[in-house]
Amino acid sequence: MGKREDKVRVYALDSGTVIDHIRQGQALRVLRLLSLDSETTVATGMSFDSSKLGRKDIIKFEDFFLDEETAKRIALIAPEASVSKIEGGKVIEKFQVAVPDKIEGFMSCANPKCITRNEPMKTRFTRVGNGSEIRFRCRYCERTMDENDVRDHLL
């Protein structure tokens, strides 16, 4: 099969949010994190060429804007992601998501014996390690969770 000459195009937004530079294959995980109503228009593109990641996914939401808490959750799945807020067809704000140093209440502990799994209490985690590594330690049982544990235990 020859090289493809035409480009895949994703429509432009008049108002909404674009999450770009999502690791390939992670767009559906990001969508599951969001509380979207049935009226929200979503366009998802997967496996686009990316000079930064090799391949990437992208999600566009019409008339939907992220809050800070949701951006933190997205960073745990797609730490390289950038978020653009669009109004009037133009980018009015753009930022890189950042993996938080602390997580409270939106991730469960992977340890089945942790008190947070058996008592009604807010979970608390602190980031451990440095660099691009995503690892968190539970405040209560001190279990360290790696990147896969973190992704699997987001609430």
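The values are calculated or read from the model by the stated rules, or taken from the named source; none is laboratory data. Predicted model, so just to flag it, every value in this text is computed and none were measured. A quick note on method: Cβ atoms are made from the backbone with ideal geometry, for glycine too, and the neighbour counts reach across all protein chains shown. The accessibility values were calculated without ligands, DNA or RNA, using every heavy atom of the protein model including side chains. Shrake-Rupley method; radii C 1.70, N 1.55, O 1.52, S 1.80 Å.
If the segment from Glu80 to Lys94 were pulled out straight at 0.36 nm per residue, it would be longer than the present Cα-Cα gap by 3.7 nm. Couplings 3J(HN,Hα) of region 79-91, computed from phi: x, 8, 5, 10, 10, 10, 9, 10, 9, x, x, 10, 6 Hz, in residue order, whole Hz [Karplus 6.51 cos²θ - 1.76 cosθ + 1.60, θ = phi - 60°; x for Gly and Pro].
Exposure check, 1.4 Å probe, all protein chains in place: Tyr11 carries approximately 90 Å² of accessible surface.
Provide the gained length on full extension for the span Asp152 to Leu28, in nm with one decimal, where the gain is 0.36 nm per separating residue minus the Cα-Cα distance.
43.3 nm
Take the Cβ atoms of Ser38 and Tyr11, set R0 to 30 Å, and the FRET efficiency comes out at 0.90.
Just so you know, the Rg over Rh for region 48-103 is 0.98, from Cα atoms, with Rh as the Kirkwood radius.
For region 17-32, the Karplus equation 6.51 cos²θ - 1.76 cosθ + 1.60, evaluated at θ = phi - 60°, returns couplings of 10, 10, 10, 10, 6, 7, 3, 3, x, 9, 4, 5, 5, 4, 4, 5 Hz by residue, with Gly and Pro reported as x.
With the whole protein complex present, Lys94 retains an accessible surface near 130 Å², based on a 1.4 Å probe. Model label sites at Asp49 and Glu119, defined 7 Å from Cα along the beta-carbon direction, differ in position by 5.6 nm. Computed with every protein chain present, the accessible area of Leu155 is close to 110 Å² [probe 1.4 Å]. Compared with the dominant Cα axis of the chain, that is its longest principal axis, helix 68-77 is turned about 90°. The accessible surface of the chain, taken with every protein chain in place and a 1.4 Å probe, is 44 percent carbon and sulfur.
Accessible area per residue for the chain is 61 Å², calculated with a 1.4 Å probe on protein heavy atoms, without ligands, DNA or RNA. Estimated translational diffusion coefficient (Stokes-Einstein, Kirkwood radius over Cα pairs, 4 °C, 1.567 mPa s) of region 90-143: 102 µm² per second.
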